[in-house]
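Visitor: My structure is below; once you've seen it, I'll send some questions.
No lab work stands behind these numbers, since they all come straight from the coordinates. None of these values were measured; they are calculated from a predicted model. Using ideal geometry, Cβ is built from the backbone for each residue, glycine included, and neighbour counts are taken over all protein chains shown.
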Amino acid sequence: MLRIVLLVFVVVAIIFVAPRLFPGARAVAPGPGSTAPEFTLPSQEGASVSLKDYRGSWVVLYFYPKDQTPGCTREAHNFQVDQSKYAERHAVVLGVSVDSVASHKKFCAKEGLNFKLLADTNGKVSKAYGSLTNLGVVKFAARHTFLIDPSGKVTKAYTSVDPVRHSEEVLVALDQLRKQ
């Protein structure tokens, strides 16, 4: 039992503390006004999804560390509950992690998610968005979100995210940005 507790502690330390100790382990995120890096990744259905597919719509591109973990599940549930609100705002939510298509498929089925989760298994897209935490033997996406306008520009970047209230926060920002 003590070994399990110690193992959990070490994993938590790696995920949450190590990125702060090694700031060079993550690239710089694109800021507001910059062109959003293009990408094509497979979704949980196995179909390819490209950012360019969503020109003309707002895109909420959120990066998260791991399928089926408490914070990531909570964040995904909140985005799922708010899907109709995003549709009203002509916005689509796309989740990205370094997990596989199979992992995303299982996560969506278990949690009742119907928006797209994209598998960035080599971490290239996460890196392009400054969201890849690379600790050598362990790579994962940091919890970041980018609001991308209909023309493909980043309008807002969140690099400190509270998964409990994040979807609500993004909806408020969308409303403000759409008025401008």
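Visitor: With +1 on each Lys and Arg Cβ and -1 on each Asp and Glu Cβ, how big is the dipole of the range 25-179 about its Cα centre, in debye rounded to the nearest 20?
Guide: 240 debye
Visitor: Also, I was wondering about something else. Around Ala109, under 12 Å between beta carbons, what's the net of Lys plus Arg minus Asp minus Glu among the other residues?
Guide: Computed value for this residue: 0.
Visitor: Using a Gaussian network for the chain with springs between C-alpha atoms less than 10 Å apart, which of these wobbles most: Glu38, Glu88, Glu169?
Guide: Glu88
Visitor: Now for a different question. Under 30 Å from the Cα of Lys66, which lysines turn up, not counting those fewer than eight places away in the same chain?
Guide: Lys52, Lys85, Lys105, Lys106, Lys110, Lys116, Lys124, Lys127, Lys139, Lys153, Lys156
Visitor: Right, something else. Express in nm, to one decimal, how much length is gained between Leu177 and Val137 on full extension, taking 0.36 nm for each residue of separation and deducting their alpha carbon distance.
Guide: 10.5 nm
Visitor: With a 10 Å cut-off between alpha carbons and a GNM built on the chain, which of Asp99, Asp149, Asp82 moves the most?
Guide: Asp82
Visitor: Same structure again: Assuming R0 = 30 Å, what is the FRET efficiency of Gln68 and Lys153, from their Cβ-Cβ distance, to the nearest 0.05?
Guide: 0.35
Visitor: I want the local charge near Pro32. Using Cβ-Cβ distances under 14 Å, sum +1 for each Lys or Arg and -1 for each Asp or Glu among the other residues.
Guide: Taking every Cβ under 14 Å from that of Pro32, the sum is +1.
Visitor: Using all alpha carbons of the range 25-179, what is the percent of pairwise distances in each 5 Å bin, ordered from the shortest bin to the longest?
Guide: 2, 10, 21, 24, 24, 14, 4, 1, 0
Visitor: Ok, one more. Just going by the charge dipole of the chain, with Lys and Arg at +1 and Asp and Glu at -1 on Cβ, which of Val101, Val164, Phe140 is farthest out on the positive end?
Guide: Phe140
Visitor: Now for a different question. Return, ordered by residue number, the residues of the range 141-155 whose backbone nitrogen is under 14 Å from a label point located 7 Å along Cα→Cβ of Thr35.
Guide: Taking a point 7 Å out along Cα→Cβ of Thr35, the residues of the range 141-155 whose backbone N falls under 14 Å are 151-154.
Visitor: Now for a different question. Going through the range 104-165, which trypsin sites (Lys or Arg not before Pro) have at most 14 other Cβ atoms within 10 Å and a DSSP loop state?
Guide: Sparse-neighbourhood loop trypsin sites (Lys or Arg not before Pro): Arg165.
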